[in-house]
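Working notes for the structure below.
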Ligand SMILES: [Zn+2]
């Protein structure tokens with residue numbers, strides 16, 4: 001009998017970048033924002049998660065009294081932009097440990113307001129999925145803040161097969 005029968009060659013389906021970006025994507029799925037759902041995860045050098053967040057209305061208040069729409073032709077107090085807390089802000093505000101030298105995985109490149117907070121808590125690297133507002137002044141300011149703060153940033157491209165494999169995998173976990 002081969003005593004090494006249980007020594008099988010194995011490999012993870014995910015590298016660390018993919019693992020944490022999928023967590024950020026899962027966090028975004030919890031957002032109620034009908035137009036832009038964003039999620040993020042902060043991670044330390046041991047690849048342990050430090051904090052997680054998604055964009056949502058201010059915790060603890062009756063959000064039924066607040067707008068979720070993105071129409072900018074009405075006064076600011078009737079727009080979501082006056083009230084919604086971004087995913088990065090939520091994760092930073094609720095972190096249980098220091099985010100110094102951490103990596104931030106986020107599904108959308110941070111706005112300048114979140115960039116200020118990311119730089120203030122001295123995050124080391126930002127890894128993002130989408131940069132769909134790259135031409136906006138907010139995004140340009142965020143990049144300037146990151147460059148002045150020596151925070152590196154890079155876009156992650158997920159393989160489409162990863163998402164379809166994950167869908168099949170999760171489907172297989174459902175009771176038959
Ligand atoms: Zn933001």
Item to complete: Using the structure shown, decide if residue 60 is within 27 Å of residue 95 (Cα to Cα) and exposed (fewer than 10 other Cβ atoms within 10 Å of the Cβ).
Response: yes
Worksheet entry | Per-region count, region 139-155, residues more than 19 Å from residue 101 (Cα to Cα) and surrounded by 15 or more Cβ atoms within 10 Å (Cβ to Cβ) | 2
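If you check 70, 46, which single one turns out to be within 16 Å of the ligand (Cβ to nearest atom) and either more than 22 Å from residue 157 (Cα to Cα) or part of a loop (DSSP other than H, G, I, E, B) (or both)? Break it down stepwise before answering.
Values: 46 fails: within 16 Å of the ligand (Cβ to nearest atom).
Just one listed residue meets the conditions, 70.
Counting only residues that are part of a loop (DSSP other than H, G, I, E, B) and within 12 Å of the ligand (Cβ to nearest atom), which one in region 73-108 is farthest from residue 157 (Cα to Cα)? Before the answer, list the steps.
Pass one, region 73-108, residues part of a loop (DSSP other than H, G, I, E, B): 73-75, 79, 83-84, 86, 94-102.
Next, only the ones that are within 12 Å of the ligand (Cβ to nearest atom) stay: 84, 86.
Working: 84: 27, 86: 22 Å.
That would be 84.
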Worksheet item: Among the residues of region 109-128 satisfying the criterion of being touching a strand residue (DSSP E or B) at 6+ places or on another chain (Cβ under 8 Å) and under 25 Å from residue 58 (Cα atoms), which is farthest from the ligand (Cβ to nearest atom)?
Response: 123
Worksheet item: Got a sec? Which of 59, 64 is in a helix (DSSP H, G or I), modelled with pLDDT under 95 and more than 16 Å from the ligand (Cβ to nearest atom)?
Response: 64
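What tally of residues in region 136-176 results from selecting those that are more than 18 Å from residue 26 (Cβ to Cβ) and assigned to a helix (DSSP H, G or I)? So that I can check it myself, show each step before the final result.
Restricting attention to region 136-176, the residues satisfying the condition of being more than 18 Å from residue 26 (Cβ to Cβ) are 136-155, 157, 161, 175-176.
Applying the additional criterion that residues be assigned to a helix (DSSP H, G or I) yields 137-148, 161.
Adding up the residues that qualify gives 13.
The values are calculated or read from the model by the stated rules, or taken from the named source; none is laboratory data. These numbers were taken from a predicted model, which means no experiment stands behind them. Using ideal geometry, Cβ is built from the backbone for each residue, glycine included, and neighbour counts are taken over all protein chains shown.
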